[in-house]
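Single-structure report; data block below.
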Amino acid sequence: MLIAFHKPFGVLSQFTPDQPGQRTLAEFGFPKDVFPIGRLDHDSEGLLLLGNEREWVNRLLDPGQRHPRTYHVQVEGLPPEEALARLAHGGLDLRGHRTLPCRARRLDPSPEMPPRDPPVRYRKSVPDCWIELVLTEGKNRQIRRMTAAVGYPTLRLVRVAIGKLALEPLRPGEWHELSTTGRRDLE
């Protein structure tokens, strides 16, 4: 079984809490034998896969496969092309790890996103914008560290695709089992 899930903000990518009161995957009614394939941070949203088929798990988690993952990132400020080029070029030093090249572009118009609870902090004097990053690696809090390294901190982070498998039409908290076609989108 392979499941696509729209992980909401504030939910851990695990079934048991680290601390009392934390939201986890346990509240979404998944079949008992599935587990998350990869992860999204507590404060990140979007497409998370769950499954119980070792072949798929190994294929999706193997760094050698370099599955592209697409993220829409709301950043504080308006990054110029030079900042986007620095992100795309790779080589940013994030605590001893040098990032690989990726794709980076500004999204104009901004994507339509479901409201977040709590909403992103709005500041009249500081503009924000959305960028798209397509990575083939995924270190802990990598995108947040990347955008901060070029001077544009992340306000909201949503994974919108893994390979060709898109998050839409799932709404936050919704999930469905992937069909044969959905599985092909991951290859």
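At a glance:
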quantity: Global size of the chain as Cα Rg and Dmax, reported in angstrom; calculated: 16.5, 50
quantity: Unit charges at the beta carbon, dipole of the range 1-149: most positive-side option, PHE5, LEU61, SER125; calculated: SER125
quantity: Choice from PRO20, PRO111, PRO153 showing the highest fluctuation, given a GNM over the chain with Cα pairs closer than 10 Å; calculated: PRO20
quantity: Mean Kyte hydropathy of 1.0 or more with a Cα span along the axis of at least 24 Å, helices from DSSP in the chain; calculated: none
quantity: Distance between modelled label sites at ASP62 and LEU78, nm, 7 Å Cα→Cβ extension; calculated: 4.5
quantity: Label-point gap, in nm, between ASN52 and LYS32 - each point 7 angstrom along Cα→Cβ; calculated: 0.9
quantity: Length-normalised contact order for the chain - Cα pairs under 8 Å, 6+ apart - percent; calculated: 31
quantity: Segments 37-43, 130-136 sorted - mean Cβ within 10 Å per residue, highest first; calculated: 130-136, 37-43
quantity: Extension reserve of the GLU168-LYS124 stretch, reckoned as 0.36 nm per residue once the Cα distance is removed; calculated: 12.8 nm
quantity: Gain on full stretching of the segment that runs from ALA88 to GLU112 - 0.36 nm per residue minus C-alpha separation; calculated: 6.3 nm
quantity: Relative pair counts by distance (%), Cα atoms of the range 68-162, 10 Å bins; calculated: 16, 53, 27, 4
quantity: Given charges at Cβ of Lys, Arg, Asp, Glu: the range 136-187 dipole, positive-most of THR181, PRO169, ALA148; calculated: ALA148
quantity: The range 68-162: relative contact order in percent, alpha carbon pairs under 8 Å with at least 6 residues between; calculated: 51
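Throughout, read-outs are computed from the coordinates displayed, never taken from laboratory work. Note that the structure is a prediction, hence the values are computed from the model and not measured. Virtual Cβ from ideal backbone geometry, glycine too; neighbours counted across all protein chains shown.
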